[in-house]
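K.L.:
Below is one structure. I have some questions about it.
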Amino acid sequence: MVGTASLRRQAMVKRLRPDIAVVPLRGNVETRLRKLDAGEVDATLLALAGLKRLGLAEAATDLLAVEEFPPAVGQGIIALEARAADSKTLAMLAAVNHLDSLTALATERAFLAVLDGSCRTPIAGHATIDAGRVQFRGLIAKPDGSDVIEAEREGAVTDAFELGEDAGRELRELAGDDFFTPT
């Protein structure tokens, strides 16, 4: 029995292993780990980025390949926001901005926006940047993992936003309006 509060993770588990029961597992990371240790579930799925931030990376017993288990849009990104008119703060933030991460995030968020996604829809998106090119893969899944539709795009970083939007439009068209409706 796998415990998770994420519909995306639930759908991915069911896609790979339809024979495994997936149950809701709520609470902060420490609470989820306590429930795992207490035997309430046999396994759980937690973001390594979050475990690292909490100093709990040693709790990870295995890492799932991004090819089999793509992350949620923006997973692992650290973002800072400032007022548009605050030029002093914006200048400080520009000094620590990582352009490739920003470009990858823009691709992923454009994809998500077209799909009108939320935490209640199993959507994954992952973009990487290499040598001025964006590689993007996104997918949508039925919550029970019975159907998954994927799209991939590659192109120049200057087209990152459009690549994400285009992938989202493709999935929206292929899925139809009732894709996320339970069967």
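The values are calculated or read from the model by the stated rules, or taken from the named source; none is laboratory data. In this text the structure is predicted, and so the values were computed from the model without any measurement. Here the Cβ is made from the backbone with ideal geometry for all residues, glycine too, and neighbour counts use every protein chain on show. Just the protein is used for accessible areas: all its heavy atoms, side chains included, with ligands, DNA and RNA removed. Shrake-Rupley method; radii C 1.70, N 1.55, O 1.52, S 1.80 Å.
K.L.:
Specify the longest stretch of the chain that does not include any exposed loop site, a site being one of the trypsin sites (Lys or Arg not before Pro) with a non-H, G, I, E, B DSSP assignment and at most 11 other Cβ atoms within 10 Å.
P.N.:
That gives 121-183 as the longest site-free run.
K.L.:
So how long is each side of region 42-102 along the principal axes, counting just the alpha-carbon atoms, biggest first, in Å?
P.N.:
Sorted from largest, the Cα extents of region 42-102 read 50, 25, 16 Å.
K.L.:
While we're looking at this one, here's another question. Between beta-carbons, use under 14 Å as the cut-off and find the net charge around Asp42, counting Lys and Arg +1, Asp and Glu -1.
P.N.:
Net of charged neighbours comes to -1.
K.L.:
What do you get for Rg/Rh of region 54-183 when both radii come from the Cα atoms and Rh is the Kirkwood radius?
P.N.:
Ratio of gyration radius to Kirkwood radius: 1.02.
K.L.:
Let me ask something additional. What's the longest bit of the chain with no exposed GluC sites (Glu not before Pro), using DSSP loop states and at most 14 other Cβ atoms within 10 Å as the test?
P.N.:
82-183
K.L.:
How high is the relative contact order of the chain, given as a whole-number percent (alpha carbon pairs under 8 Å, six or more residues apart)?
P.N.:
Computed value for the chain: 22 percent relative contact order.
K.L.:
May I pose another question? For a Förster distance of 25 Å, can you work out the FRET efficiency between the beta-carbons of His98 and Leu54, rounded to the nearest 0.05?
P.N.:
After rounding, the FRET efficiency stands at 0.70.
K.L.:
Continuing with the same structure: Give the lysines whose C-alpha is closer than 29 Å to that of Lys14, dropping any in the same chain fewer than 8 places away, or say none.
P.N.:
Lys35, Lys52, Lys142
K.L.:
Right, something else. What are the extents of the Cα atoms of region 127-167 along their three principal axes, listed from largest to smallest and rounded to whole Å?
P.N.:
Over region 127-167, Cα extents along the principal axes are 37, 17, 10 Å.
K.L.:
In whole Hz, what ³J(HN,Hα) sequence does region 94-101 give by Karplus (6.51, -1.76, 1.60; θ = phi - 60°), x for Gly and Pro?
P.N.:
Calculated HN-Hα couplings, in order: 4, 5, 10, 5, 9, 4, 5, 5 Hz.
K.L.:
Could you order Thr128, Thr4 by accessible surface area, starting with the largest, using a probe radius of 1.4 Å?
P.N.:
Thr128, Thr4
K.L.:
Under 8 Å for C-alpha pairs, at least 6 residues apart: give me the relative contact order for region 97-155, rounded to a whole percent.
P.N.:
Worked out over region 97-155, it gives 27 percent.
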